[in-house]
Amino acid sequence: MKYVIGTRGSRLALAQASHVRDRLKEAYPENDFEIRIIKTRGDVVTDRPLHQIGDKGVFVKEIEERILSGEVDIGVHSMKDMPARPAPGLAFARAWKREDPRDVLILREKKSLQELSSGAVIGTGSRRRELQLKRLRPDLKVAGIRGNVDTRLRKMEEQKLDGLLLAAAGLHRLGMADRITEYLEPDRMVPAPAQGVLALEIREGDEDVKRLLNALGDGETEAAVAAERGFLQRIGGDCHIPVGAVCSRMPDGRLLFRAMFGKKNGDRLAFARVCGSDPARLAEEAAERIRSELSGKVILVGAGPGDPGLITVRGRKAVRNADCIVYDRLSSPALLGEAKEDCELIYAGKADRRHTMKQEEINALLVRKSLEYEKVVRLKGGDAYVFGRGGEEGLALAECGIPFEVIPGISSCIAGPACAGIPVTHRGIASGFHVVTAHDRRDGLAEIDFKAMAGGKETCIFLMGLGKLGEIAHGLLEAGMDPKTPAAVISGATTPQQRTISAPLNRLEEEAGRANLTSPALIVVGDVAALREKLNFYDTKPLACRNYLLPGIGRRAEELAELLREQGAGADVLRVGEIEYKRVELSAERLKETDWLVFTSRNGVEGFLKNLADSGLDLRSLGSCRIASIGGKSADCLRSHGLLADLVPERWNSGALADALAKVLTGAQRVLYPKAENADGHLRERLGEVCSFAELSVYENRAMRPKGMEERKADDYDGILCTSASAASRLLEVCENREDWLRNGRFYSIGPKTTACLEKLGAGRILEAREASYEGLVDLCMTAGEKPR
């Protein structure tokens, strides 16, 4: 019988595969064993550290694909390079006897780690080795280095590195043990889980190959691998996280298990040392100790019913401070826009039977992320404990000893009817309400006591019930509820997509079908539904059912978003830039010689006054200066600091400001213009000939790539509100399909400069506000009419 062994093509990988082939030939001489070389992504990308190019699967994916296809029977890998669990359809054979698991130093000149001079440079591609080396010798430097053993040795000589950190096992298998300068014992440097062990991967259910390989397995190594990889599974480590584990037999027969784990950014390491006889228990005990020392806090945050303005103050603060946010489909995209730039966003949503993650996987994810970050937010639509399975997540965290807290949210069962003009209770009509979910865990109709609901006067509310609307109506009617009972279905409650239909109970399914309502939706049945005719306020707002995109710099666009929401619109804020203030030294002498200060933005005002204070000066230093402001917002900002603008043009744009200044300036006057570092030179060109004009860069408008841009399309919005030229250009730099945005987007410009930018970029439809202000943009939205559909 012929068996094909798949391996990477490096000298070490071939040495490992040859070792496997030779042992199999010796044990089963009647069979043929052939080695086949397969190139993996990890072999192709060698100029970046492993944690930057993907998970451990970069070394094995292509080989696994050949195993699954039947082209290869046995994949030979280093077990330390394997993910915590084999890929679907694959399995590992029993582990053979392991090589030396220790890490080693190869030094170019010195004889030990201790002898290395301060500032010596050691090469490694492993974050685990790097952090533990820094722990032993904080004064050393580390250089990232990738490639096979020969490549690394060559780079050490070419780059004049002082040494390399490598695995002893690989050098032993290559016959290069003589190159080792020093072995690092596990008490000094904990090896990677299963380092020195070969992973023999086969098709799941291939009993013939499994039997051949398992017969050569080693019980001692199998126990060590069970503990080390069991720890890896429990702690949730991957190649992005520095994690180590090694299990060895003590003289008294017990197992000694050592483990280490580091934060993703490497600022904290934790170690565990436990003894026992059960590998699974050792892994669990070590994971518990690590978690108790390193875990951050998980906050279960109720995001509210959909409108980003209906999250609680504490909830919004938690979102803004989070290092990682795990969110579902009912969380508003606008809330994610408030996250820090470096916050990791993970979608774990569920929609109608289409689950991105199973609940057990979400629980494990929260535990894992709590070890990577100090503040993890689980953002859930509505309230985390109202049909949100937040209780299950809390129990999973508690079981693992992870600190957590809950920030309640406004549930859609109350907010949804309220925004549709339906109070869930009303004196003389309904003194209480029932709330149930329409789905059970198998996606069938939940066990609902229709008799109890139909027999009382309480309002009946069904969440997640659109797909079961007919069954719900039938159940209530069968239980004796009056067919004429007022009822309503509310789709997209509290969002710009909110649509509500009202009908008697016996016609509710028919009317909902005619209206083509979509999930998420809730159903309200009861006499209070008849009050909608008089209490409906949501649909009467001027911008109801409209949705706008607001690309903005910093968080200022939230002010515009709030103005739009007050008029009933949806506002999706997309941060495409951030403001960074620059340090500039100001002197009283220079300010005394300045005749005019010119401000064209609030950021210019704030940046200038911050530098004024940092230079040890205050407003008294501006006594000889007159002040010009481009418009109302800048003038308001000045006023908030106790300064009044002497000049504000009638039209709030840079052209009008330049015209107004040109009328009052003389050639002898000195003008100082605090501005953005990357601002254009329009004012300098206009005023440089009529005065002594100087610019002062007090802040930088820094570009940033917003999260979730790939999920947005121009057709999703009734308008794109551009509050500056930089916001407009940055949006079109990051959008996935630029031509589609330019062709289908309806752009609302705050003023001439932004309009000119949009025209230059090629935008097809541009409307300009009469007044260059947020209020002017809102007026434009209300007078521009609806976007053609």
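The values are calculated or read from the model by the stated rules, or taken from the named source; none is laboratory data. Fair warning: this is a prediction, and the values are worked out from it, not measured in the lab. Note that each Cβ is placed from the backbone with ideal geometry, even for glycine, and that neighbours are counted across all protein chains shown. These accessible areas exclude ligands, DNA and RNA; they are computed on the full protein's heavy atoms, side chains included. Shrake-Rupley method; radii C 1.70, N 1.55, O 1.52, S 1.80 Å.
Remark: ALA192 matches the filter, which requires a residue to be at pLDDT below 95, touching an Asp or Glu at 6+ places or on another chain (Cβ under 9 Å) and buried (at least 22 other Cβ atoms within 10 Å of the Cβ). Among the residues of the stretch 319-335, those that are surrounded by 23 or more Cβ atoms within 10 Å (Cβ to Cβ) and either at pLDDT 95 or above or in a strand (DSSP E or B) (or both) comprise VAL319, ALA322, CYS324, ILE325, VAL326, TYR327. At least 3 residues being in contact with a Gly (Cβ under 8 Å, 6 or more places away or on another chain) is the threshold, and among the strands (runs of 3 or more DSSP E) wholly inside the stretch 654-731 those reaching it are 670-676, 692-703. Say whether the condition of being among the aliphatic types (A, V, I, L, M), in contact (Cβ under 8 Å) with a residue 60 or more places away in the chain and open to solvent by less than 10 Å² (accessible area, probe 1.4 Å) is met by at least one residue in the stretch 700-714. Yes. Scanning the stretch 197-232 for residues that are part of a loop (DSSP other than H, G, I, E, B) and open to solvent by less than 10 Å² (accessible area, probe 1.4 Å) yields one hit, VAL197. Mind listing just one residue for me: the one in the stretch 607-632 that is farther than 30 Å from ALA769 by Cα and of a type in the set (D, E, K, R) and, of those, surrounded by the fewest Cβ atoms within 10 Å (Cβ to Cβ)? Restricting to residues being farther than 30 Å from ALA769 by Cα and of a type in the set (D, E, K, R), the top hit is ARG620.
Here's the yes/no breakdown for (1) of a type in the set (D, E, K, R); (2) without any contact (Cβ under 8 Å) to a residue 60 or more places away in the chain; (3) assigned to a helix (DSSP H, G or I):
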| residue | (1), (2), (3) |
| --- | --- |
| ALA452 | no, yes, yes |
| GLY456 | no, yes, no |
| LEU469 | no, yes, yes |
| GLY480 | no, yes, no |
| LYS484 | yes, yes, no |
| VAL489 | no, yes, no |
| PRO496 | no, no, no |
| ARG514 | yes, yes, yes |
| SER519 | no, no, no |
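Checked against (1) surrounded by 15 or more Cβ atoms within 10 Å (Cβ to Cβ); (2) under 30 Å from PRO333 (Cα atoms), ALA515 passes all but condition (1).
The residues on offer are ILE750, ILE766, and the sole one that is out of contact with any Asp or Glu (no Cβ under 7 Å at 6 or more places or on another chain), surrounded by 14 or more Cβ atoms within 10 Å (Cβ to Cβ) and among the β-branched types (Val, Ile, Thr) is ILE750.
Of ASN516, ASN506, ASN547, all but one fail to be closer than 30 Å to MET709 by Cα, out of contact with any strand residue (DSSP E or B) (no Cβ under 7 Å at 6 or more places or on another chain) and of a type in the set (S, T, N, Q); the exception is ASN516.
Identify all residues within the stretch 684-708 that are of a type outside the set (A, V, I, L, M, F, W, C) and touching a helix residue (DSSP H, G or I) at 6+ places or on another chain (Cβ under 7 Å); write none if there are none. Answer for the stretch 684-708, where residues must be of a type outside the set (A, V, I, L, M, F, W, C) and touching a helix residue (DSSP H, G or I) at 6+ places or on another chain (Cβ under 7 Å): ARG686, GLU695, TYR699, ASN701, ARG705, PRO706, LYS707, GLY708.
A single entry from PHE450, PHE433 fulfils the requirement of being aromatic (Phe, Trp, Tyr) and in contact with a helix residue (DSSP H, G or I) (Cβ under 6 Å, 6 or more places away or on another chain): PHE450.
Out of curiosity, is ALA283 in contact with a helix residue (DSSP H, G or I) (Cβ under 7 Å, 6 or more places away or on another chain) and buried (at least 20 other Cβ atoms within 10 Å of the Cβ)?
Judged against the criteria, ALA283 is a match.
In the stretch 16-36, which residues are open to solvent by 30 Å² or more (accessible area, probe 1.4 Å), hydrophobic (A, V, I, L, M, F, W, C) and either in a strand (DSSP E or B) or at pLDDT below 95 (or both)? If the condition is that a residue be open to solvent by 30 Å² or more (accessible area, probe 1.4 Å), hydrophobic (A, V, I, L, M, F, W, C) and either in a strand (DSSP E or B) or at pLDDT below 95 (or both), then ILE35 is the only one that fits. For the criterion of being charged (D, E, K, R) and within 42 Å of the chain's Cα centre (by Cα), ARG507 fails. When ALA658, ALA668 are checked against the criterion of being without any contact (Cβ under 8 Å) to a residue 40 or more places away in the chain and in contact with a Lys or Arg (Cβ under 8 Å, 6 or more places away or on another chain), ALA658 stands alone in meeting it. Looking at the stretch 151-175 only, could you name the residues that are surrounded by 17 or more Cβ atoms within 10 Å (Cβ to Cβ), out of contact with any Leu (no Cβ under 7 Å at 6 or more places or on another chain) and part of a loop (DSSP other than H, G, I, E, B)? LEU161, the sole residue that qualifies.
Assessment of the stretch 494-503 against the conditions (open to solvent by less than 70 Å² (accessible area, probe 1.4 Å), modelled with pLDDT of 95 or more and either of a type in the set (Phe, Trp, Tyr) or farther than 30 Å from PRO333 by Cβ (or both)) yields at least one matching residue. ALA679 meets the conditions (1) open to solvent by less than 20 Å² (accessible area, probe 1.4 Å); (2) of a type in the set (Gly, Ala, Ser); (3) under 18 Å from SER724 (Cα atoms) in every case but one. The failed one is (1).
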